[in-house]
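The values are calculated or read from the model by the stated rules, or taken from the named source; none is laboratory data. Computed from a prediction, not measured in an experiment: that's the story for all the values here. Cβ sites come from the backbone with ideal geometry, for glycine too, and all protein chains shown count toward neighbours. Keep in mind that these areas ignore ligands, DNA and RNA; they rest on the heavy atoms of the full protein, side chains included. Shrake-Rupley method; radii C 1.70, N 1.55, O 1.52, S 1.80 Å.
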Amino acid sequence: MLDATPRPDRLPNATGVGYKAEYFTALQDAPGPVEWIEVHAENYMGDGGRPLAQLRHLAERFSVSVHGVGLSIGGEGPLDREHLLRLKHLMNWLGPASFSEHLAWSTHDTGFLNDLLPLPYDEATLSRVAGHIDAVQSALGRRMLLENPSGYLAFAESDRSEVDFLSELARRTGCGLLLDINNVFVSAVNLGTDPRAYVDAFPLDAVGEIHLGGHDADADDAGRPLLIDSHGCPVADPVWALYAHAIARGGAKPTLIEWDNDVPPLPKLIAEAGRARAVLAPQGITA
């Protein structure tokens, strides 16, 4: 039986890494600058077994962030009650320092689409997503963070910017925001916008976590640059520069290195965390 243990109610303003099972032993022996880890909720919604036992062990040493990928916050229908109950069970026994989800949808009727799909930014969508966030926060009894997506198209129906949409969601629901710097850069290149202007307009006081990850460069059918948020390579230099700009404006924030595909040895991930720590250090890192 997994019982709850009191945990910190916020992540430290320090560096974390996306946890993978192959990192279990090495992360305990030589974590370097890593002070917290993040796990995908859906990988730990079962009733027992080695993955949950290992996570419980790691939670005794590291702060833990839980990142959901399957709630479909932007879906048209009501949230999946069974999924929400399994998520609540995980949150109750783990007691993580943070929970986050994506501004996206991935369900239609009874079907689940294995993707995080975009939304138009209008009043109808805003009201629906706000209602879903309220339902999640009420069910979990805690504040959640909502992540900005990577963009590959813009909807003609949108009548406000993504930053305005997210800012209003935070105001209406009291949720926090997860600022994915790579997503900002990917969207800016794909949609022809200014990534620094996005960060400058973003409500950084609502940010409870920052994500950094890698992207792949491609081209669309017209030969224009197309970036894919792949999480399968090191963080690109322009993303590091944008991250430094965000930290200079908003101060130190809990910062995660995401690497979900072509997963490297832990020392390579720790090296990326070290680069983030170097950016955080002048702003002050608190444990």
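Accessible area per residue of the chain at 1.4 Å probe, in Å²?
Numbers: 12800 Å² over 287 residues.
Heavy-atom SASA per residue in the chain reads 45 Å².
Placing +1 on the Cβ of every Lys and Arg and -1 on the Cβ of every Asp and Glu, with no other charges, gives the stretch 107-217 a dipole of roughly 340 debye about its Cα centre.
Computed over the chain, relative contact order equals 21 percent, with contacts defined as Cα pairs under 8 Å that lie 6+ residues apart.
Segment K88..A281, full-extension length gain: 66.0 nm, with 0.36 nm per residue of separation and the alpha-carbon distance subtracted. In the stretch 210-287, a dipole from Cβ-located charges (positive for Lys and Arg, negative for Asp and Glu) runs towards its positive end, and of A252, G223, A273 it is A252 whose Cα lies farthest in that direction.
Using a probe of 1.4 Å, the accessible surface attributed to R277 totals some 90 Å² when neighbouring protein chains are kept in position.
Please report, in debye to the nearest 20, how large the charge dipole of the stretch 24-81 is about its Cα centre when each Lys and Arg carries +1 at its beta carbon and each Asp and Glu carries -1 there. Display every interim value, and only then the final one.
Values: 4 positive and 8 negative charges, 32 e Å.
So the dipole magnitude of the stretch 24-81 works out to roughly 160 debye.
Judged by the gyration tensor of its Cα atoms, with axes a ≥ b ≥ c, the stretch 65-161 is prolate; a/c meets the 1.5 cut and a/b is the larger of a/b and b/c.
Bridgeable aspartates and glutamates around K20 (alpha carbons under 14 Å apart, same-chain partners fewer than 8 residues away excluded): E38, E42, E258, D260, D262.
With only Lys, Arg, Asp and Glu charged, each at its Cβ (+1 for the first two, -1 for the last two), find how big the charge dipole of the chain is about the Cα centre; round to the nearest 20 debye.
Details: 22 positive and 39 negative charges, 236 e Å.
So the magnitude is around 1140 debye.
To put it simply, the accessible area of the chain at a 1.4 Å probe is 52 percent carbon and sulfur.
Tally Lys and Arg at +1 and Asp and Glu at -1 over the other residues with C-beta under 13 Å from the C-beta of Q137: what net charge comes out? Working shown, then result.
Details: positive: K88, R142, R143, R172; negative: E101, D134.
Cβ neighbours under 13 Å give a net charge of +2.
What does the charge count around A201 come to, taking other residues whose C-beta lies under 12 Å from its C-beta (Lys +1, Arg +1, Asp -1, Glu -1)? Display every interim value, and only then the final one.
Details: positive: R160, R196, R249; negative: E162, D164, D194, D200.
That sum, taken over residues with Cβ under 12 Å, equals -1.
Using just its DSSP H runs of length 4 or more, each adding -39500 (n - 2.57), the chain gives a mean residue ellipticity at 222 nm of -11500 deg cm²/dmol after division by all residues. Would you mind classifying the stretch 158-287 by shape? Square roots of the alpha carbon gyration tensor eigenvalues, ordered a ≥ b ≥ c; an a/c under 1.5 is rounded, otherwise it is prolate if a/b is larger than b/c and oblate if not. It is oblate, given that a/c is not under 1.5 and a/b is not larger than b/c.
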